[in-house]
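The values are calculated or read from the model by the stated rules, or taken from the named source; none is laboratory data. Fair warning: this is a prediction, and the values are worked out from it, not measured in the lab. We place every Cβ from the backbone using ideal geometry, glycine too, and count neighbours over all the protein chains shown.
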Amino acid sequence: MLGGGPASFIGPVHRIAANLDGLIELVCGCFSSDPSKSKQTGHELCLPEERIYTNYEEMIEAERNLPEEVRMDFLAIVTPNHLHYAPAAMALKAGFHVALDKPVTFSLEEARSLEEIVHQTGKRLLLTHTYSGYPLVKEARYRVQRGDLGRIRRVYVEYPQGWLSTDCAAENKQASWRVDPKRSGLAGCMGDIGTHAFHLASYITGLEVDELCAELNTFVDNRLLDDDGTVMIRYKGGARCLLSASQVCAGVENGLYIRVYGEKGGLEWRQDSPNTMMFRPVEGVAEMIRTSTPSVVSPAAAHNSRVPGGHPEGYIEAFANLYRNFALTLMADIANETPNELCLDFPNVCDGVAGMLFVQKVVESSKQNASWVKWED
């Protein structure tokens, strides 16, 4: 692991999720740019002294020189956005797979370069768009693909939060880098959670963007990046999407909510009630779909359901589903076997490039007074 030291939020989440199925073992790490903090975290995680590193270059080079049965198989990168590309590129070129927190890189140019490196090296990259790991999100995708909704007409996806409603960057480490364009990139809220909403809509519907129109807002005084925004998307084939993301909705914790409507019916899912999805056909009775019911849900939903019905499945489990599928894919690769479709169901570098193109186009549109911009460059 690179990153995830003291005061990290996402690093421990990655470690817990990766460990949940017993398929992945943490064997080494550089957990902070401060060597003493890296050592502290490594000791807390019971790593041997010689495999707690002071920088990623040292770690990748040292691990590459270890015997194959001892060295790391993949590197999980859980640093701020500006520290994604260089270690990921170095690890891939050194023969290691990579798991990477979203967004994939600091810029679209870096994302496309990383995509090329993935293709050149033949290594795999997991991008942790967490919400695609929920069983009923996979069920929603399956039902769209099966044609239950008919031709898609309208998508609504919203992601409100309230934790950045005040100027808290000075005392909050997680806020400080997210509102800093030198570390976050072109966008703030839209890069942080807008990309999640965009990926969720794309994952469920499979629709391709034709053009978009965006308005970004910054409500907190002296903030340099957006903390709120709305995007209208025109998909190829005629479907339309309204996407909103905000981190200044005071009092809201994590309100991710998606609705998809087609000619024959619609479905809806909320992240704060993840065990339930509603399907409402034009003709017939509305259906409440629950997790852990193999006779009802798709193979993909069943594969990613972990506990008996009635027990809540949440954020950590969804994260763990991505790591488990990634691990099963790597294990198949190591055994010279072909991974099955269920194992290959995790976001990859192509999703990362699409996310960074989304950020760039949203910023471009907003700067042009919310004009429509084409998806292609």
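Look through the range 179-212, keep the residues that are part of a strand (DSSP E or B) and among the aliphatic types (A, V, I, L, M), and return whichever of them is surrounded by the most Cβ atoms within 10 Å (Cβ to Cβ).
Residue satisfying both the conditions and the ranking: 212.
Scan (1) assigned to a loop (DSSP other than H, G, I, E, B); (2) over 20 Å from the mean Cα position of the chain (by Cα) for the single condition residue 288 breaks and write down its number. It is condition (1) that residue 288 fails.
Under the condition of being in a helix (DSSP H, G or I) and among the small types (Gly, Ala, Ser), which residue from the range 307-348 is farthest from residue 269 (Cα to Cα)?
Filtering the range 307-348 for residues in a helix (DSSP H, G or I) gives 315-334.
Keeping just the survivors that are among the small types (Gly, Ala, Ser) gives 318, 320, 327, 332.
Details: 318: 14, 320: 20, 327: 27, 332: 32 Å.
Ranking the candidates gives 332 first.
Can you tell me how many residues in the range 26-49 are touching a residue at least 40 places away in the same chain (Cβ under 8 Å) and basic (Lys, Arg)?
Here is the first cut: in the range 26-49, the residues touching a residue at least 40 places away in the same chain (Cβ under 8 Å) are 27-28.
Narrowing the set further to residues that are basic (Lys, Arg) leaves none.
Count: 0.
Here's the yes/no breakdown for (1) over 18 Å from residue 127 (Cβ atoms); (2) among the aromatic types (Phe, Trp, Tyr); (3) modelled with pLDDT under 95; (4) within 27 Å of the chain's Cα centre (by Cα):
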position	(1), (2), (3), (4)
30	yes, no, no, yes
42	yes, no, no, yes
46	yes, no, no, no
50	yes, no, no, no
70	yes, no, no, no
78	no, no, no, yes
85	no, yes, no, yes
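Say we look at the range 105-129 and pick out the residues that are of a type in the set (S, T, N, Q) and crowded, with 21+ Cβ neighbours inside 10 Å; which of these is farthest from residue 311 (Cα to Cα)? Going through the qualifying residues, I end up with 105.
Against the list (1) surrounded by fewer than 18 Cβ atoms within 10 Å (Cβ to Cβ); (2) closer than 30 Å to residue 317 by Cα; (3) touching a strand residue (DSSP E or B) at 6+ places or on another chain (Cβ under 9 Å), the condition residue 245 fails is (1).
Could you please find all residues in the range 1-16 being touching an Asp or Glu at 6+ places or on another chain (Cβ under 8 Å) and either part of a loop (DSSP other than H, G, I, E, B) or among the small types (Gly, Ala, Ser) (or both)? Within the range 1-16, just 5 meets the criteria. Within the range 130-144, residues that are over 17 Å from residue 307 (Cβ atoms) sit with their Cβ atoms under 6 Å from residues that are modelled with pLDDT under 95 and not in a helix (DSSP H, G or I), at 6+ positions apart or across chains, in these pairs: 142/298.
Of all the numbered requirements in (1) surrounded by fewer than 16 Cβ atoms within 10 Å (Cβ to Cβ); (2) more than 21 Å from residue 13 (Cα to Cα); (3) of a type outside the set (A, V, I, L, M), residue 176 misses one, and that requirement is (2). Residues in the range 26-70 that are under 18 Å from residue 92 (Cα atoms), part of a helix (DSSP H, G or I) and not aromatic (Phe, Trp, Tyr): 57, 58, 59, 60, 61, 62, 63, 64. Of all the numbered requirements in (1) out of contact with any helix residue (DSSP H, G or I) (no Cβ under 6 Å at 6 or more places or on another chain); (2) buried (at least 21 other Cβ atoms within 10 Å of the Cβ), residue 220 misses one, and that requirement is (2).
Within the range 156-168, the set of residues being buried (at least 19 other Cβ atoms within 10 Å of the Cβ) and touching a helix residue (DSSP H, G or I) at 6+ places or on another chain (Cβ under 8 Å) comprises 157, 159, 161, 164. Within the range 60-88, residues that are within 22 Å of residue 334 (Cα to Cα) sit with their Cβ atoms under 6 Å from residues that are aromatic (Phe, Trp, Tyr) and part of a loop (DSSP other than H, G, I, E, B), at 6+ positions apart or across chains, in these pairs: 74/96; 75/96. Only one of these conditions is not met by residue 23: (1) surrounded by 15 or more Cβ atoms within 10 Å (Cβ to Cβ); (2) assigned to a helix (DSSP H, G or I); (3) in contact (Cβ under 8 Å) with a residue 60 or more places away in the chain. Which number is it? Here residue 23 clears every test but (2).
Checking the range 284-301 against the condition returns no match, with no residue being in contact with a helix residue (DSSP H, G or I) (Cβ under 8 Å, 6 or more places away or on another chain), buried (at least 16 other Cβ atoms within 10 Å of the Cβ), under 30 Å from residue 183 (Cα atoms) and of a type in the set (S, T, N, Q).
Within the range 251-265, identify whether any single residue is over 18 Å from residue 144 (Cα atoms), within 19 Å of the chain's Cα centre (by Cα), buried (at least 18 other Cβ atoms within 10 Å of the Cβ) and touching a residue at least 24 places away in the same chain (Cβ under 8 Å), and answer yes or no. Before you say what the answer is, go through the steps one by one.
First, the residues of the range 251-265 that are over 18 Å from residue 144 (Cα atoms): 251-256.
Then keep just the ones that are within 19 Å of the chain's Cα centre (by Cα); that gives 253-256.
Keeping just the survivors that are buried (at least 18 other Cβ atoms within 10 Å of the Cβ) gives 256.
Adding the requirement that they be touching a residue at least 24 places away in the same chain (Cβ under 8 Å) leaves 256.
The answer is yes, given that some residue of the range 251-265 is over 18 Å from residue 144 (Cα atoms), within 19 Å of the chain's Cα centre (by Cα), buried (at least 18 other Cβ atoms within 10 Å of the Cβ) and touching a residue at least 24 places away in the same chain (Cβ under 8 Å).
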